[in-house]
Amino acid sequence: MKVLITGGAGYIGSVITEELLNAGHDAIVFDSLYKGHRAAVDARAKFVEGDLMNVALLTNTLRENEIEAVIHMGADSLVGESVEHPAKYYQNNVVNGLKLLDAMRVSGVSKLVFSSTAAIYGEPERQPIEEDDPAKPTNPYGETKLAFEHVLRWYEDAYGLRYASLRYFNAAGASEQFGEWHDPETHLIPLVLQAANGTRGEVQIFGDDYPTSDGSCVRDYIHVIDLSRAHVLALGILDERSAIYNLGCGGDGYSVKQVIATAHEVTGREIPTRIGPRRAGDQAVLIASSEKIKHELGWQPELQDLRLIVKSAWDWLQKHPRGYRA
Ligand SMILES: NC(=O)c1ccc[n+]([C@@H]2O[C@H](COP(=O)([O-])OP(=O)(O)OC[C@H]3O[C@@H](n4cnc5c(N)ncnc54)[C@H](O)[C@@H]3O)[C@@H](O)[C@H]2O)c1
């Protein structure tokens, strides 16, 4: 297939592009580079620099490249920022998403894989979270992703759009070529590894009195390669139907202290930590169930091991201590 990846110069999009190409598809990356990196675009992919709000450029790109499906990764995704600047999140995650759908409609492209988030579940009543559990986001980030999912549903009914919406928590790890490099960085594994290589100070653990085995919060981490393969796999259902799938680690998750201990083992370095107060709104445990996608699409994570995840991220950081900075 000829696939357009919005946000393909970002962390997850870069690995999806790589996996698409490895699977024999053509990949065209569309990214404004406002957060992504040109060096994160696979050399085998075509690259178009542009913003999702530019419907004319999007439409031309879809037509000229005879695009058959879109994987939509381009979005803003910082929870705290979304609370301070909801307008930015509604603009980029909803309004600009609508621009993409407009361009797809006029170009006759009717297949979309959407990178949603497990943040749409808010404060779930049970773990692991299943797709039918109530969606009650507690911040504008989750709210805007859920709003876009609702758009997809109505566009399917009215315009025949086919979509797969994938909801997950924390992408983690790296491929041989591409890794995680955000500014600001808010994700635990890169923060811990940057502390290990001395480019960052101590890591703060937000609360160690949660009702978990070691008192720190438990979260769900999926290897970015497994996650990317799920996006590629989801393309395969769009001839027939739309679907919503969770993607989770499939086990009991990993605590913050466990991540730090694993990083210490993998790197052989000391990781300075400090116990701080709980953060408002943090849940003790957040894990998504992947049973539905396993059952329906046969998705099987092959790299679902915290040590493997942390090691791949560390190997990448060792090769790129300044990330994608020149
Ligand atoms: N990282 C995670 O753990 C995680 C978890 C759940 C869902 N997600 C979702 O996955 C997607 C990718 O996340 P990521 O961590 O790779 O983020 P990222 O910031 O690394 O990548 C996003 C990319 O989108 C591009 N982009 C953003 N707005 C754009 C616009 N208007 N026009 C063109 N390009 C634009 C950015 O330049 C960037 O390259 C996001 O939609 C995010 O909500 C991420």
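Quick notes on this one:
- Long-range HN-HN contacts of Ile275 with modeled amide H, under 5 Å: Ile205
- One chain, two ends: Arg38 and Arg126. Fully extended at 0.36 nm per residue, the span grows by 27.6 nm beyond their Cα-Cα distance.
- Available extension along the chain between Arg325 and Ala23 is 105.8 nm, counting 0.36 nm per residue and deducting the alpha carbon span.
- In the range 198-255, the alpha-carbon atoms span a convex hull of 136 Å³ per residue.
- Here the range 59-197 has 46 percent of its accessible surface on carbon and sulfur atoms, given a 1.4 Å probe and all protein chains in place.
- Equivalent-ellipsoid semi-axes of the range 212-326, from the Cα gyration tensor, Å, largest first: 29, 20, 13
- For the range 67-81 versus the range 154-230, the gap between their alpha-carbon centres in whole angstrom: 14 Å
- Dipole magnitude for the chain: computed about the Cα centre from +1 point charges on Lys and Arg Cβ and -1 point charges on Asp and Glu Cβ, it is near 600 debye.
- Derived scalar couplings between HN and Hα for the range 221-227 equal 10, 10, 4, 4, 6, 4, 4 Hz in order, rounded to whole Hz, by the Karplus curve 6.51 cos²θ - 1.76 cosθ + 1.60 (θ = phi - 60°), x for Gly and Pro.
- Compactness relative to 2.2 N^0.38 Å, alpha carbon Rg of the range 22-173: 1.07
- With both labels modelled 7 Å from their Cα along Cα-to-Cβ, the Ala158 to Asp102 distance reads 1.3 nm.
- Size of electric dipole in the range 213-280: Cβ of Lys, Arg +1 and of Asp, Glu -1, about Cα centre, debye, nearest 20: 380 debye
- A simple charge model with +1 on the Cβ of Lys and Arg, -1 on the Cβ of Asp and Glu and nothing else charged puts the dipole of the range 4-148 at about 380 debye relative to its Cα centre.
- Working from label points 7 Å from Cα in the Cα-to-Cβ sense, the Lys136 to Glu176 distance is 4.8 nm.
- For the range 193-287: accessible area per residue (Å², 1.4 Å): 42 Å²
- By a 1.4 Å probe calculation restricted to protein chains, His150 has an accessible surface near 90 Å², given to the nearest 10.
- Estimated inter-spin distance, Gln204 and Val95, nm [label 7 Å along Cα→Cβ]: 3.2 nm
- Residue pairs exceeding 24 angstrom between C-alpha atoms, taken from Lys46/Lys99; Lys2/Lys292; Lys111/Lys145; Lys35/Lys319; Lys111/Lys294: Lys2/Lys292.
- Residues within the reach of a label modelled at Lys46 (point 7 angstrom out along Cα to beta-carbon, backbone nitrogen below 11 Å), restricted to the range 13-28, are 26-28.
- Between the helical axis of 306-319 and the longest alpha-carbon principal axis of the chain there is an angle of about 80 degrees.
- Probe 1.4 Å, all protein chains present, accessible-area order of Met73, Met1, Met53, largest first: Met53, Met1, Met73
- Translational diffusion of the chain was estimated from the Stokes-Einstein equation, with Rh taken as the Kirkwood radius over Cα pairs; at 37 °C and 0.692 mPa s the coefficient is 164 µm²/s.
- Of the Cα atoms belonging to the range 2-96, the radius of gyration and Dmax stand at 13.3, 42 Å.
- Residue among Leu161, Asn139, Val151 farthest towards the positive dipole end of the range 126-166, charges placed on Cβ: Asn139
The values are calculated or read from the model by the stated rules, or taken from the named source; none is laboratory data. Computed from a prediction, not measured in an experiment: that's the story for all the values here. Reconstructed Cβ throughout: ideal geometry from the backbone, glycine too, with neighbour counts over all protein chains shown. Remember, those area values only see protein heavy atoms, side chains included, never the ligands or the DNA or RNA. Shrake-Rupley method; radii C 1.70, N 1.55, O 1.52, S 1.80 Å.
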